[in-house]
Amino acid sequence: MHEVGMLCKLLKILASRLSRAEQKLLERGLREAARKGDVAALYHYSTLIGRTVYMEKPSPSWPGFFKEYTGCQRLARLPPPVSTGGLDVLEAIRRRRSRRSYSPKPPSLEHVATLLYYAVGVTGWNAEWPLRSYPSAGGLQPLEAYLVAGSVEDLESGIYHYNPRSHNLCMLRPGNYMTRLADISLGQEHVGEAPAAIILTAVYTRTASKYGARAYRYIHVDAGAAVQNVYLAAEALGLATVVVGAFHDEELCSFLGIDCYEEIPIAVMPFGYPG
Ligand SMILES: Cc1cc2nc3c(=O)[nH]c(=O)nc-3n(C[C@H](O)[C@H](O)[C@H](O)COP(=O)(O)O)c2cc1C
């Protein structure tokens, strides 16, 4: 009973922060969630686009297109991405598979740079507006990419943030963290056996600043495209990878030093040459 009282209190606070129209949507979401016994229904019905209303509550703050770290422990300049050769895109789509067996041979820095660039890189500019390798709702580009380098050629082991504007890596922490990453990924051994991994996150307010709560849907569509970019680029470079969505969210956030609500961890992608 105590929990129910607390839920009512929290619901009252939430409702008091919404418009009448948004309260109606929330009510529908609650009704459906209760009927189906599924919390997902609460979000689903609350964020539908109706003919007359949807829960568009834009956040006033726009965090900008790029996350810039200051005080990097080390700045690693990346070689330009490979831009020719590889596979025809249709062939890459046909061959793409989730691959979980890796050779211990360290991936070359050029291949790592290429994966990061094709995952979320800046592939052009429209005046001041960056253009990316992945489509994004409203062109708002919420994704961030991190590299966990266990064993990469010509790169000190560590956790890095990829800056797509400068095509650089900023070292957040030195050391080989692949075993820890496997532990965070619900103990999936293949993660710990990979020489490196890319982690994709989404800065929620970049998209929510325009779309409100519906942004939570869109950022996953954006991320799905970036995940496929990594798969296809890996296939073209002769690398093996798999998308891992099973992880302890809050542990992954502290691993990266991010706030789990502001920046949502979406995918871990271990990679290496096929074993
Ligand atoms: C959202 C999502 C989460 C996934 N999570 C995991 C995971 O935690 N571990 C894993 O080994 N594979 C994971 N996979 C990979 C799937 O198992 C794989 O895509 C599926 O078996 C189909 O195989 P294919 O990719 O070779 O076509 C995930 C895939 C998706 C799309």
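The values are calculated or read from the model by the stated rules, or taken from the named source; none is laboratory data. Just so we're clear, the structure is a prediction, and the values are computed from it rather than from any experiment. Positions of Cβ are generated from backbone atoms using ideal geometry, with glycine treated the same way; all protein chains shown enter the neighbour counts. Side chains included, ligands, DNA and RNA excluded: accessible areas come from the protein's heavy atoms. Shrake-Rupley method; radii C 1.70, N 1.55, O 1.52, S 1.80 Å.
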*Hey, rough spin-label estimate for ASP259 and ARG20, points 7 angstrom out along Cα→Cβ, what's it come to in nanometres?*
3.3 nm
*Quote the Stokes-Einstein diffusion coefficient, in whole µm² s⁻¹, for the stretch 75-272, based on the Kirkwood radius over alpha carbon pairs, a temperature of 37 °C and a viscosity of 0.692 mPa s.*
196 µm²/s
*Normalised by the number of residues in the chain, what is the relative contact order in percent for Cα pairs under 8 Å and 6+ residues apart?*
22 percent
*Inter-centroid distance (Cα atoms) of the stretch 1-32 relative to the stretch 84-108, Å*: 48 Å
*Where is the GNM fluctuation largest for the chain (alpha-carbon springs, 10 angstrom cutoff): SER166, SER101, SER157?*
SER166
*Please report, as a whole percent, how much of the solvent-accessible surface of the stretch 2-46 comes from carbon and sulfur atoms (probe radius 1.4 Å).*
65 percent
*Pick out which of LEU252, LEU131, LEU30 has the largest mean-square fluctuation in a Gaussian network model of the chain, springs linking Cα atoms closer than 10 Å.*
LEU30
*Given the protein chains as shown and a 1.4 Å probe, how many square angstrom of GLU156 are accessible, to the nearest 10?*
90 Å²
*Given springs between every Cα pair under 10 Å in a Gaussian network model of the chain, which of TYR160, TYR177, TYR69 has the largest fluctuation?*
TYR69
*Residues GLU189 and LYS12, FRET efficiency given R0 of 51 Å [Cβ-Cβ distance, rounded to 0.05]*: 0.65
_Neighbour net charge for VAL112 - beta-carbon separation under 14 angstrom, K R +1, D E -1_ = -2
*Return the Rg/Rh value of the stretch 1-146, two decimal places, where both radii are evaluated on C-alpha atoms and Rh is the Kirkwood radius.*
1.11
_I'd like the Karplus ³J(HN,Hα) series for the stretch 250-258: coefficients 6.51, -1.76, 1.60, θ = phi - 60°, whole numbers in Hz, and an x wherever there's a Gly or Pro._
5, 5, 5, 5, 5, 4, 8, x, 10
*How much area per residue is accessible in the chain when the probe is 1.4 Å and only protein heavy atoms are counted (Å²)?*
50 Å²
_Cα→Cβ-extended label distance, 7 Å offset, between VAL4 and ARG31, nm_ = 2.1 nm
*State the three equivalent ellipsoid semi-axes of the stretch 74-153, derived from the C-alpha gyration tensor as the square roots of 5 times its eigenvalues, in descending order and whole Å.*
24, 19, 13
_DSSP loop trypsin sites (Lys or Arg not before Pro) with at most 16 other Cβ within 10 Å excluded, longest remaining stretch of the chain_ = 166-275
*Once phi is turned into θ = phi - 60°, what whole-Hz ³J(HN,Hα) does the Karplus curve with 6.51, -1.76 and 1.60 give for every residue of the stretch 137-145, x standing for Gly and Pro?*
4, x, x, 8, 6, x, 7, 10, 10
*List the residues of the stretch 147-177 whose backbone N lies under 15 Å from a point placed 7 Å from the Cα of LEU75 along the Cα-to-Cβ direction.*
161-172
*Compute the acute angle (0 to 90°) between the alpha-carbon long axis of helix 20-36 and the principal axis of greatest extent of the alpha-carbon atoms of the chain; round to the nearest 10°.*
80 degrees
*In the stretch 79-197, what percent of the accessible surface is made up of carbon and sulfur (1.4 Å probe, ligands and nucleic acids excluded)?*
51 percent
*Which part of the stretch 75-114 falls in the paramagnetic zone of GLN228, meaning amide N under 18 Å from the point 7 Å along Cα-to-beta-carbon?*
87-99
*Dipole of the chain, positive end: most advanced residue of PRO142, ILE159, CYS170 [Cβ charges, Cα centre]*: PRO142
*Over all directions, what mean area does the Cα convex hull of the stretch 195-275 project, stated in square nanometres?*
5.7 nm²
